[in-house]
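Q: A single structure is presented below for examination.
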Amino acid sequence: LNGRIDLAQAESVAAIVAARSTGALRASVRQLEGGLSERLRLARRELVGLLARIEATVDFSDEDVDELDWGSLAEGLGRVQETLLHLLGTAFVGRALEEGVWTAIVGKPNVGKSSLLNALLMRERAIVSEIPGTTRDTIEELLEIGGIPIRLADTAGLRVGGDRVEQLGVERSVRAMEQADLVLAVIDLSAPREEDESELLGAADADRWIIVGNKSDLVEGDTGGLEELAARVHRSRRSGESDAPGPARQCRVCTVSALAGEGIDDLRSHIQDLVTGGPGLHLEEPILASERQRVLVNEAVGSVSEAMAGVARGEGEELVCEDIRMAAQALGRITGEDLTPDLLDEIFTRFCLGK
């Protein structure tokens, strides 16, 4: 824009104003400083260079131009693809910073879901009672963990029976469990094991579930330990996946005492690691912060993949060129750059043709 900032940087200005967490603010400032733009420009510059090399070989075959090295071309495309796939891997973090991570606290009645909500918020938000079914509707609150906004939802206890109002709450809990970005499945370590607990643990999705064993202060010996809980989860999941090939992925587990505040910091670390892939990862480096950026990088990845496949199959230069051109155009649309002048400059400056 007027030669001062590009389109991606301009988007970050609006993102700074709308930032809902310190992580979102840090990521937006990083983008305004040009971190993402520079990463995209380097990838696009390599694509333009590869495109120029092919077109120079084809269009100026009578000139003193080296023969096209397809192996080198494949290596260049591979480097670009690695960069783009890494950026695409930040898409969930970017969406989380923009929209928040919808996190559902689920479990049977009276396992301490509301107490866990209060412990994470560090204040009394939900009513805590020994009477099962106290929470009949979903309670939502916003908190920040590791710079990421977390939309935390305390849901009604999962059980059969109860009046119609409670059953409506249970139906909402089931939907939340299915649709949430992150699920905190709470079980009572001090209670006898029951079949419905095994069903809940058997449904655990390692990509988005954390099993939280609550009331660890009420158990003695190894029955409330982390290793024992992990073994219970593993047995339940293997039982629920008896027909699935290969070993079940390990699910994250954590033991806490929500009332005493024990283990809450460990749970926060588990949440942060599951969302970001590690402490602070992606927050100090370029991320794809908007849906527009995510869509365009995904388009570029697809085009580069097609170009790589074309090179491997020995397709003609024109088809490979078109795929590379589409990838470069997609990246250029993120920053607002145009392709044609860059391509012409690359051809005539790198190969000294037409002089």
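Taken together, the values in this text are just the output of simple stated rules run on the coordinates, not laboratory data. Nothing here was measured: the structure is a model prediction, and the numbers come from that model. Positions of Cβ are backbone-derived with ideal geometry, glycine not excepted, and every protein chain shown enters the neighbour counts.
Q: 7 Å from Cα along Cα→Cβ at both GLU144 and VAL17: what's the point-to-point distance in nm?
A: Result: 2.0 nm between the two label points.
Q: Starting from 0.36 nm per residue, how many nanometres of slack lie between LEU168 and ALA206 once their C-alpha separation is accounted for?
A: 10.9 nm
Q: Once fully extended, how much extra length lies between SER305 and HIS86, figured as 0.36 nm per residue of separation less the alpha-carbon to alpha-carbon distance?
A: Full extension of this stretch gives 77.4 nm more.
Q: While we're on this one: Taking the Cβ-Cβ separation of ARG79 and GLU285 as r and a Förster radius of 25 Å, what is the calculated FRET efficiency to the nearest 0.05?
A: 0.90
Q: So what's the net charge close to LEU36: Lys and Arg +1, Asp and Glu -1, counting the other residues with Cβ under 10 Å from its Cβ? If you can, show how the numbers build up before the last one.
A: Working: positive: ARG30, ARG39, ARG41; negative: ASP6, GLU11, GLU33, GLU38, GLU285.
Summing Lys/Arg as +1 and Asp/Glu as -1 gives -2.
Q: Sticking with this structure for a sec: Points 7 angstrom from Cα along the Cβ direction at SER190 and ASP69: gap in nanometres?
A: The answer from the label model is 7.0 nm.
Q: If you don't mind, another one. How many nm is it between the label spots at ASN298 and ARG313, if each spot is 7 Å from the Cα in line with the beta carbon?
A: Here the answer is 2.3 nm between the modelled labels.
Q: Starting from the Cα-Cα distance between LEU259 and GLU38, subtract it from 0.36 nm times their residue separation and give me the gain in nm to one decimal.
A: Using 0.36 nm per residue and subtracting the Cα-Cα distance, I get 74.7 nm.
Q: Here's another thing I want to ask about it. Would you mind checking which residues have amide H under 5 Å from ILE150's amide H? H placed 1.01 Å from N; only 5 or more apart, or other chain.
A: Amide H neighbours of ILE150: VAL101, LEU143, GLU144, ILE145.
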